[in-house]
Amino acid sequence: MKLDELIEYLDYKDLINFNNIDITGISYNSKTTQKGDIFVCLVGEHTDGHEFALNAIEKGAVAILAEKKIERTKVPQILVASTRHKIADIADRFYSSPSKGINIIGVTGTNGKTTVTHLIQKIFEENNQKCALIGTLGYKLSSNGEYRDAKHTTPQAPELQATLRMIKDVEKIDNVVMEVSSHALEQNRVGGCRFNGAVFTNLTQDHLDYHITMGNYFKAKALLFERLKEGNFAVINADDEYGDRFISVIAKGVKIYTYGIKQQSDVMAKDINFSLNGAEFTLVSSLPCKINGHNERCGGIVGEHKVNLHMNGMFSVYNVLAAVTSALAQGIDIETALKALQNVKGVAGRFEVVAKKPLVIVDYAHTPDGLENVLKSAREITPKDGKLICLFGCGGDRDATKRPKMGSIAERLSDKIVITSDNPRSEDPQTIITDIIAGLKSVNTESVIVEPDRAAAIGLLKNIANNNDVIVIAGKGHENYQILKDKTIHFDDREEAKKIFEGSVI
């Protein structure tokens, strides 16, 4: 693509050394820059791409997108106000706007994004439609396919647009369900994506190291809904305290569907029961939707349906409601949707049972709300004569204010807690543990055990737990690594637990 074509619709401040050269790729990491690339000087939390522009040129970059002039080079430079936001524009342009030909559903929220996207993918496939998934675990082209690596919950714009183009042209897939993180929205990684629908799961404390306030966190998430156009749809958790605020930012002409358990909603669950086998409830669907502020019937589907899940916990009920509501918003039959979901056994690292005696559950819960939900669900299936044991830690270089809150929640909802490391990153693990302990009312050694080494901490569970106890290992879920101060090592909670409880592994 010629440079003038690439920047034709770009709102730039200045052109320096302009030459209408061929652009063969987009890069933002000088280490991976290739000959013919336009190099984008991204300004991040810890690095400034302008400092690496000359390195990129040495690697073969033939043009620069920057916020300020790069000295000592004659390659064309396009100066813009924000490279973080404009990289999405040129990526969309370079890959010929692939999202225009795809039905993209974005799922955002603090918890539940991964599970909801997987459930929606399953529903599409049950409806004999191909659907690709992009999210935390990578991306995959079918529910039975292999995950392909992704570095972020939502990839950076060039990788995302390239993936969408591949999904559309090579794989001939017309539906994509995508996890959309607050970072991706605030940094405009999804700029250029035309979403047909957006799903809101919940909003609780997380990422305040980045967003600083819950207000900023909300504003980032709300961008997904503000960008919906007339004829698109939004699915909102009516029980969440931010539900009405999300509805308030949605443009006229967007169809709004709600789901919930406590608040009157278009799709609801009642008569909910939990057992070792999973959750059971009655799904009630009435489906009026709001258009331009007025209630109008959008589907005409009314009725009650018995639902039996292999998944457990109240959060699983909410996730299923979100997925079903999304399906109904797109005209998929409710029986088809429920058939797909009742066969799902869960998502890797989300309330994943890895041993039976004791019952060992590995979960990704790494926020106060996430930990509370998982422990409440685990309590529902803990025998009366059994104990609920929680092993967890908190990530380093992340929001420290949630650490004592998570300590308090673990103490309140568990019979015994083991405090250990998560991904300490550059922080001293003991400092993180001290922050967690600050939230405890008591540090009784009978009920609180501290072991900074996560492998050793999981090993202690063998001597702590009886066969009728329930253990929740929280924080890392599907992750198969641990980020330490000076290196990243292979580490998988599920593997460690299976080694310890090998006689009762599922």
With the first residue restricted to region 1-13 and required to be within 17 Å of Lys35 (Cβ to Cβ), and the second required to be charged (D, E, K, R) and in a helix (DSSP H, G or I), Cβ contacts under 7 Å at 6 or more apart or on different chains are Leu6/Arg93
Looking only at residues in region 240-269 that are closer than 14 Å to Thr108 by Cβ and not β-branched (Val, Ile, Thr), which one is farthest from the chain's Cα centre (by Cα)? Arg245
How about region 346-397: which of its residues are part of a strand (DSSP E or B) and polar (S, T, N, Q)? none
Scan region 480-499 for residues that are among the hydrophobic types (A, V, I, L, M, F, W, C), surrounded by 15 or more Cβ atoms within 10 Å (Cβ to Cβ), touching a strand residue (DSSP E or B) at 6+ places or on another chain (Cβ under 9 Å) and not in a helix (DSSP H, G or I) and report the count. 2
Among the listed residues Gly477, Gly459, identify the single one that is small (Gly, Ala, Ser), surrounded by 15 or more Cβ atoms within 10 Å (Cβ to Cβ), touching a residue at least 12 places away in the same chain (Cβ under 8 Å) and assigned to a loop (DSSP other than H, G, I, E, B). Gly477
Some residue of region 28-43 being among the aliphatic types (A, V, I, L, M), assigned to a loop (DSSP other than H, G, I, E, B) and over 30 Å from the mean Cα position of the chain (by Cα): no
Flag for Glu230 being in a loop (DSSP other than H, G, I, E, B) and under 29 Å from Met406 (Cα atoms): no
Hey, can you tell me all the residues within region 398-422 that are modelled with pLDDT of 95 or more and of a type in the set (S, T, N, Q)? Ser408, Ser414, Thr420, Ser421
Can you confirm whether Ala410 is more than 29 Å from Leu460 (Cβ to Cβ) and of a type in the set (A, V, I, L, M)? no
State yes or no: is Thr431 assigned to a helix (DSSP H, G or I), assigned by TED's automatic domain parsing to the domain that holds Leu388 and surrounded by fewer than 23 Cβ atoms within 10 Å (Cβ to Cβ)? yes
Considering only region 28-47, I want to know if a residue exists there that is surrounded by 14 or more Cβ atoms within 10 Å (Cβ to Cβ), among the acidic types (Asp, Glu) and either out of contact with any helix residue (DSSP H, G or I) (no Cβ under 9 Å at 6 or more places or on another chain) or under 17 Å from Pro158 (Cβ atoms) (or both). yes
Single match in Tyr95, Tyr139 (criterion: within 23 Å of Gln161 (Cα to Cα) and at pLDDT 95 or above): Tyr95
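Being buried (at least 21 other Cβ atoms within 10 Å of the Cβ) and either of a type in the set (Ser, Thr, Tyr) or in a loop (DSSP other than H, G, I, E, B) (or both) narrows it down to one of Ser426, Ser421, so name that one. Spell out the reasoning first.
Numbers: Ser426 fails: buried (at least 21 other Cβ atoms within 10 Å of the Cβ).
Of Ser426, Ser421, the one residue that is buried (at least 21 other Cβ atoms within 10 Å of the Cβ) and either of a type in the set (Ser, Thr, Tyr) or in a loop (DSSP other than H, G, I, E, B) (or both) is Ser421.
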Against the definition (under 19 Å from Leu15 (Cα atoms), touching a Ser or Thr at 6+ places or on another chain (Cβ under 9 Å) and acidic (Asp, Glu)), how does Glu71 come out, yes or no? no
From the list Ile417, Ile489, Ile449, which residue is among the aliphatic types (A, V, I, L, M), outside the structural domain of Ser275 (by TED's automatic domain parsing) and free of Cβ contacts under 8 Å to residues at least 12 places away in the same chain? Ile489
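Does Ile134 satisfy being hydrophobic (A, V, I, L, M, F, W, C) and not in a loop (DSSP other than H, G, I, E, B)? If you could, list the steps in order and put the result at the bottom.
Values: hydrophobic (A, V, I, L, M, F, W, C): yes; not in a loop (DSSP other than H, G, I, E, B): yes.
When the stated conditions are applied, Ile134 passes them.
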Unmet requirement for Glu125, which otherwise passes all of (1) closer than 23 Å to Ile90 by Cα; (2) surrounded by fewer than 18 Cβ atoms within 10 Å (Cβ to Cβ); (3) not hydroxyl-bearing (Ser, Thr, Tyr): (1)
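The values are calculated or read from the model by the stated rules, or taken from the named source; none is laboratory data. All values derive from a computational prediction rather than experimental measurement. Methodologically, a virtual Cβ is constructed for each residue, glycine included, from the backbone with ideal geometry; neighbour enumeration extends over all protein chains shown.
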